[in-house]
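The values are calculated or read from the model by the stated rules, or taken from the named source; none is laboratory data. Computed from a predicted structure; not experimentally measured. Every residue, glycine among them, receives a Cβ derived from its backbone with ideal geometry; neighbour counts consider all protein chains shown. Only protein heavy atoms, including side chains, enter the accessible area calculation; ligands, DNA and RNA are left aside. Shrake-Rupley method; radii C 1.70, N 1.55, O 1.52, S 1.80 Å.
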Amino acid sequence: MNTRLLLVDDEEEFVDTLAERLALRNFQVTRAYSGERALQLCNDKNFDVILLDIMMPGISGIDVLKKIHQKMPLTQVIMLTGHATVKNAIEGMKQGAFDFLLKPADMELLTSKITEAVEIKQKHEERIRKAEMENIINRRGW
């Protein structure tokens, strides 16, 4: 299965370049150039991992993160920023971000973090499937 990524950043050139580099590593990348567009895409598609810039005009990355986790709590979010502050990192982690990386992120580190995030999502999904199966079995008295 190809990992489904959503790449969200207002810097179009950065998004396009990173999307091409990730596609070469067999990631299925969808691009959004604003937080608003990212939220629209999340209504239509299910993503494994979202790479999300913190500092964007309009809705901030932190606010996008909050809304994503309300709708898709298992989707892992990696926050990206060129304007790193400890406060932003702490707030992102409090809101459920998987990790926080500085732009431009080292490609090997980024792909490693994406892989880790996918593994965590898959483990959560497997636990949910098992719990649902146990619930069905218990209700039927098998």
Can you list the residues, at least 5 places off or on another chain, whose amide H is less than 5 Å from the amide H of Phe100, using H built in the peptide plane? Met79
What nm distance separates the two modelled labels at Glu36 and Glu13, each placed 7 Å from Cα along Cα→Cβ? 2.5 nm
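Full extension from Asp44 to Lys130: what is 0.36 nm times the residue separation minus their Cα-Cα distance, to one decimal in nm? Please report the intermediate quantities before stating the final value.
Values: separation 86, 0.36 × 86 = 30.96 nm, distance 2.64 nm.
So the extension gain works out to 28.3 nm.
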Greater than 20 Å separation of Cα atoms is the criterion. Which listed pairs, Lys45/Lys67; Lys67/Lys113; Lys67/Lys94; Lys67/Lys121, meet it? Lys67/Lys113
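Under the 0.36 nm per residue contour assumption, what length would be gained going from the current alpha-carbon distance of Thr115 and Met72 to full extension? Numbers along the way, then the final one.
Working: separation 43, 0.36 × 43 = 15.48 nm, distance 1.84 nm.
Extra length available between Thr115 and Met72 comes to 13.6 nm.
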Using DSSP to define loop residues, name the GluC sites (Glu not before Pro) in segment 1-91 whose beta-carbon has at most 16 other beta-carbon atoms within 10 Å. Glu11
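For the chain, what is the convex hull (Cα atoms) projected area averaged across all directions, in square nanometres? List each step's numbers first, then the result.
Numbers: hull surface 37.0 nm².
Approximately 9.3 nm², given one-decimal rounding.
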Whole-Hz Karplus ³J(HN,Hα) for segment 102-109, in order, using 6.51 cos²θ - 1.76 cosθ + 1.60 and θ = phi - 60°, x for Gly and Pro? 7, 8, x, 6, 4, 4, 5, 5
Spelling out what I want: for every residue of segment 124-134, take phi, set θ = phi - 60°, compute 6.51 cos²θ - 1.76 cosθ + 1.60 (Karplus), and round to whole Hz; glycine and proline get x. 4, 4, 5, 4, 5, 4, 5, 5, 5, 5, 4
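Residues of the chain: accessible area per residue at 1.4 Å, in Å²?
I get 57 Å² per residue for this part.
Counting only C-alpha contacts under 8 Å and six or more residues apart, can you give the relative contact order of segment 18-142 as a whole percent?
On the way: 125 pairs, mean separation 25.2, N = 125.
The normalised contact order for segment 18-142 reaches 20 percent.
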Just the number, please: percent antiparallel of the DSSP beta bridges in the chain, rounded to the nearest 5. 0 percent
Per residue of segment 37-54, what does 6.51 cos²θ - 1.76 cosθ + 1.60 with θ = phi - 60° give for ³J(HN,Hα)? Whole Hz please, x for Gly and Pro, Karplus curve as stated. 5, 4, 5, 4, 5, 5, 6, 9, 10, 10, 10, 7, 9, 10, 9, 10, 6, 7
Putting +1 on Lys and Arg Cβ atoms and -1 on Asp and Glu Cβ atoms, find which of Thr17, Val77, Thr111 reaches farthest to the positive end of the dipole of the chain. Val77
Given a 1.4 angstrom probe, I'd like the percentage of the accessible area of the chain that is carbon and sulfur, rounded to a whole number. 50 percent
